[in-house]
Amino acid sequence: MRSLLRVERHDLGGGVTLYTQGAIASSRITVASWISPAGSSRDPPGKEGLAALTGRLLVTGTRKWDKRELARRLDRIAATLSVDVSWDGVTAEITGPTVVEQELLDILSEVVAHPRFDPAEVVRIRTAMEERLARDASQPSHRAERAFLETLFPEGHPYHRNPGGNRRSVRALRPRDVADFHHRNYRTGGSKIVITSRSEERAVLRAVKARMPPLPDGTTTRPSLPGRTPPGAPREIALPIAGSQQVEILVGGIAPSRTHPAFSALRMGNEVLGGRPILSRLFQSVREQEGLAYDTESDVTMLPEGGFWSAAAGTGAKTVRRVLGILQRETRRMMTQPVSPEELHAIRESFIGSFLLHTDTPLAAHSFADEVATYDLPPDHFETWPAELRRLTPEDIRTAMAEHLEGWARPLVVVAGPPEGVRSIRGG
Amino acid sequence: MELPRTPTFRTFTTPGGLEVFLAPIPDSPVVSSWMWYRVGSRNEHPGITGAAHWLEHMLFKGSAHYATGEIDRAIVGTGGYLNAFTDSDFTAYLSIVPRERAELPIAIEADRMTGATIPSGELDSERSVVLSEREMNENNPGFRVDEELHALSFHVHPYRWNTLGYAQDIRSMDRDKLVGFYERYYGPANASLVVAGGFDPATMRSFIERKFRKVERTVHPPDVRAHEPPQRSRREATLHGPGSTPIVKVGWHAPEVGSDLAPAAMLLEMHLGGEAPLFTPGHAWERSREHPSSALYRSLVDTRLAVSAGCEWGTTIQPGLFSVYARAAPGVSAARLEAALEEQVRRVTKELLSAAELRELRQRLLINASMLWSGTSMIAFRLGYLRSLGGLALERRLLSRALALRPADLRKAAQQLFDGGSTVVRYLPEGS
């Protein structure tokens with residue numbers, strides 16, 4: 001069996017890269033994904049949501065197969081086809097039995113290269129997206145996240161926008177827009193194919209070469225980024241939502257992009273603050289010691305065009321100020337005091353040890369290879385990264401967080417939920 | 001096509017009555033251990049609703065040899081994962097650890113099976129955590145609809161409340177109630193331990209026997225004798241809250257997973273909603289998808305009445321619910337959605353599925369089943385889940401019977417299934 005942690009990389013020409021990885025023990029399943037930079041950062045101004053609409057339409061029929069026939073083909077081989085559109089890319093992923101691996105690749109290639117874009121389906125999916133946007137507007141967690149990102153990133157920045165667009169922009173999208181977007185942005189250049197399978201490496205390579213999505217050459221254009229958010233943006237935002245039960249609290253600021261040299265230190269620091277399940281400081285203080293929330297965590301999200309950090313919790317209306325105080329206190333502590341060597345050791349070894357959990361299910365294993373492909377990491381990244389993490393000292397981590405996580409001394413605070421719960425926050 | 005083969009496993013019973021299933025997977029670098037107790041929210045009664053779930057939380061708060069927090073630290077410290085979940089019929093505790101630490105979760109499970117300390121000092125903070133979990137769910141309209149549907153459909157049976165329990169019962173829960181529940185239901189004879197992954201079965205067996213040798217507690221869990229009387233009339237409720245478009249869910253009393261009607265209920269679930277979760281590998285990987293070939297999707301989503309539609313048969317030990325649901329497209333009323341849902345149900349009671357439709361359902365069922373045993377935790381989960389629902393033979397019995405059903409059998413089963421009164425819950429966005 002091929003090594004699971006080591007991903008093999010092959011240049012297929014035309015800017016396409018193939019990443020392969022062995023399957024986990026006992027797996028009879030192949031997972032294949034096609035990744036392209038055609039995410040919502042490529043949405044033209046005024047057409048926000050176009051990348052998402054295009055992505056969702058990939059699974060609603062192709063030139064050869066209408067929606068019903070495509071569904072039937074998938075059902076017949078128990079395959080699952082899904083498309084995920086984020087700010088920075090689109091991923092079409094198919095999962096099914098390894099015994100029909102070639103058919104899986106045929107379907108993936110066909111949906112990516114020759115989507116049907118049936119006008120009736122465009123209208124239907126567009127309507128569903130509008131409904132989703134309206135639904136999200138009533139959900140405290142979504143409202144808080146939207147306000148948070150819209151405040152952190154200036155208008156025109158990809159991360160300011162909701163990848164799903166807004167109700168006005170989505171309503172205005174037309175079938176022609178979708179076809180144009182696909183033609184302009186679904187290109188060979190920068191696209192990646194990732195396969196986790198128990199098949200022999202050579203067989204996978206042969207099968208993929210014979211079934212490359214026949215897309216036009218060239219690459220999609222990177223978005224231009226606006227300057228920084230002008231000073232004077234609010235630092236506390238309160239979003240009352242009548243009828244909701246729990247208050248969502250989000251505290252945070254700007255972080256560097258994924259290629260920043262402090263990535264590992266920031267990632268490790270986040271594990272200590274609120275990233276590592278159960279062991280993290282937020283989990284221990286907010287949930288275990290104080291019993292103030294079921295769910296609390298922190299995140300340092302480092303993406304190709306920038307990043308952001310956050311500490312979050314969902315709590316009752318009467319405990320908002322207390323939870324907010326803990327989130328802010330623990331964040332400050334990370335920046336001002338080095339973590340003890342014992343705490344760092346425990347959390348670091350837990351984090352490194354958790355890589356092994358990716359050998360538990362076929363999709364968890366595939367997410368390894370996906371990460372290597374998405375961020376152009378070395379093929380042996382998950383074998384060499386532990387040594388880099390172990391070299392980090394407590395002071396490396398403190399310095400990285402204090403220097404590169406902006407606004408920690410006075411972070412942006414967003415709370416959303418029942419009116420009586422958000423009243424204690426000044427903004428609006 | 002052949003019926004799927006269960007992976008190789010060994011089974012034995014400890015002197016205390018604990019059933020053990022060992023599924024060695026030599027190449028697996030991890031070991032996945034699951035302790036299943038045959039107790040859930042159906043074993044509660046008004047006044048202690050939520051006890052099974054709360055007790056599950058308290059079993060992480062310490063036991064004879066593990067102080068508060070040590071269980072978490074021990075497992076997560078290895079890079080491992082631990083969690084637990086409570087269902088209406090069972091409670092399961094799972095740990096995934098590197099194979100070198102395979103014995104750690106076994107030692108923990110043996111310790112907390114009868115030695116949980118349930119410290120009173122932790123009760124109040126955990127009370128607010130459980131209430132917070134409930135509030136978090138209440139932010140989701142789907143949770144509220146489901147809770148109301150069960151509350152209306154069941155007047156007698158404990159399936160009428162969900163595993164979180166009523167907020168007022170959570171507020172009034174005390175240590176005595178939790179300890180009483182623990183002592184009544186937690187013992188080796190009311191549990192099954194499943195271990196899958198990279199370990200030597202002989203060594204593992206000997207370790208389990210050693211660890212559970214002194215774990216003794218005679219439990220006589222009382223049968224749940226409540227039987228829901230037939231529903232003769234229609235019941236309905238309308239909820240209001242934040243949201244975008246109406247949600248409608250309609251439910252009928254349904255057969256238990258071990259009943260003769262179960263294979264037909266499963267095929268009807270596939271026909272109407274597109275999948276039978278008991279035989280859908282993706283279900284366990286947390287990937288949901290639309291089912292454009294399903295009857296509800298074609299009649300509600302394709303026609304733009306709904307943005308999503310589906311079907312759910314609760315695979316419960318005692319008779320539960322079969323439900324159909326949809327979320328309206330903008331501008332579509334709850335009444336129109338309800339009529340469209342009921343029309344699809346009516347059709348399966350009146351019309352025969354074509355031979356081709358039934359053939360496709362059978363083929364999907366088989367190929368889905370062939371992938372079910374993929375991945376270490378999937379194997380451990382499935383062994384324990386099937387055992388908790390009644391036994392490992394359930395899988396083959398359901399499959400073989402479902403494959404033998406003819407169109408007329410399915411229609412007859414639908415007529416039986418949808419014969420009683422239905423319950424409908426509508427969720428209307430505020431202001432509708």
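As a ratio to 2.2 N^0.38 Å, the alpha-carbon radius of gyration computed for the range B:235-429 takes the value 1.03. Annotation: for a label point projected 7 angstrom from Cα along Cα→Cβ of A:TYR375, residues of the range A:280-298 with backbone N closer than 18 Å are A:298. The distance separating the Cα centre of the range B:125-149 from that of the range A:245-278 comes to 27 Å.
Under the 0.36 nm per residue contour assumption, what length would be gained going from the current alpha-carbon distance of A:ARG332 and A:HIS260 to full extension? So the chain would gain 23.7 nm between A:ARG332 and A:HIS260. With each label modelled as a point 7 angstrom along the Cα→C-beta vector, the B:ALA408-A:ARG168 pair spans 6.3 nm.
Phi angles of the range B:131-148 translate, via the Karplus equation with coefficients 6.51, -1.76, 1.60 and θ = phi - 60°, into HN-Hα couplings of 4, 5, 4, 5, 4, 4, 5, 5, 5, 9, x, x, 5, 5, 5, 5, 4, 5 Hz per residue; Gly and Pro are given as x. Residues whose amide H lies under 5 Å from that of B:VAL307, counting only those 5 or more places away or on a different chain, are B:ARG327, B:ALA328, B:ALA329; hydrogens are built 1.01 Å from N in the peptide plane. Sites listed here are chymotrypsin sites (Phe, Trp or Tyr not before Pro) in the range A:329-378 whose DSSP assignment is loop and whose Cβ has at most 15 other Cβ atoms within 10 Å: A:TYR375. Each label point was placed 7 Å from the Cα along the Cα-to-Cβ direction; for A:PHE355 and B:GLU70 their separation is 3.1 nm. Determine, at each q value in 0.09, 0.10, 0.11, 0.14 (inverse angstroms), the log₁₀ of I(q)/I(0) that the Debye formula gives when each Cα of chain A is one equal point scatterer. With one equal scatterer per Cα and no solvent, log10 I(q)/I(0) is -0.63, -0.78, -0.95, -1.39. Using 0.36 nm per residue and subtracting the Cα-Cα separation, the extra length available between A:ALA387 and A:ALA233 on full extension is 51.3 nm. Exposure proxy ranking for A:ASP118, B:ASP27, A:ASP43, A:ASP360, based on other Cβ atoms within 10 angstrom of each Cβ and starting from the fewest, stands as B:ASP27, A:ASP118, A:ASP360, A:ASP43. Each peptide in B:226-233, B:200-207 receives the mean, over its residues, of other Cβ atoms within 10 Å, and ordering these scores from highest gives B:200-207, B:226-233. Estimated from the Cβ-Cβ distance and a Förster radius of 56 angstrom, the FRET efficiency linking A:GLU343 and B:ARG359 is about 0.40. With 26 Å as the limit on Cα-Cα distance, the pairs of B:LYS249/B:LYS412; B:LYS61/B:LYS249; B:LYS61/B:LYS177; B:LYS61/B:LYS211; A:LYS64/B:LYS249 that go past it are B:LYS61/B:LYS249; A:LYS64/B:LYS249. The distance from the alpha carbon centre of the range A:365-428 to that of the range B:263-281 is 41 Å, rounded to a whole number.
Electrostatic bookkeeping for A:PHE153 treats Lys and Arg as +1 and Asp and Glu as -1; over the other residues with beta carbon under 10 Å from its beta carbon, the sum is -1. Between B:THR349 and B:ASP223, what FRET efficiency follows from the Cβ-Cβ distance if R0 is 30 Å, with the result rounded to 0.05? With R0 = 30 Å, the Cβ-Cβ based efficiency is 0.35. A straight line joining the Cα centroids of the range B:189-215 and the range A:161-230 runs 49 Å. Between the beta carbons of A:ARG63 and B:ALA237, assuming R0 = 60 Å, the FRET efficiency works out to 0.80 to the nearest 0.05.
State whether the protein assembly as shown is rounded, prolate or oblate according to the following rule on the C-alpha gyration tensor (a ≥ b ≥ c being the square roots of its eigenvalues): a/c under 1.5 gives rounded; otherwise a/b larger than b/c gives prolate, and the remaining case gives oblate.
Details: a/c = 1.22, a/b = 1.06, b/c = 1.15.
The shape class here is rounded.
Read the figures in this text as sums done on the coordinates, not as results from a lab. Just so it is clear, the structure is predicted and the values come from calculations on it, not from any experiment. Quick reminder, even Gly has a Cβ in these numbers, built from the backbone with ideal geometry, and neighbours come from all protein chains shown.
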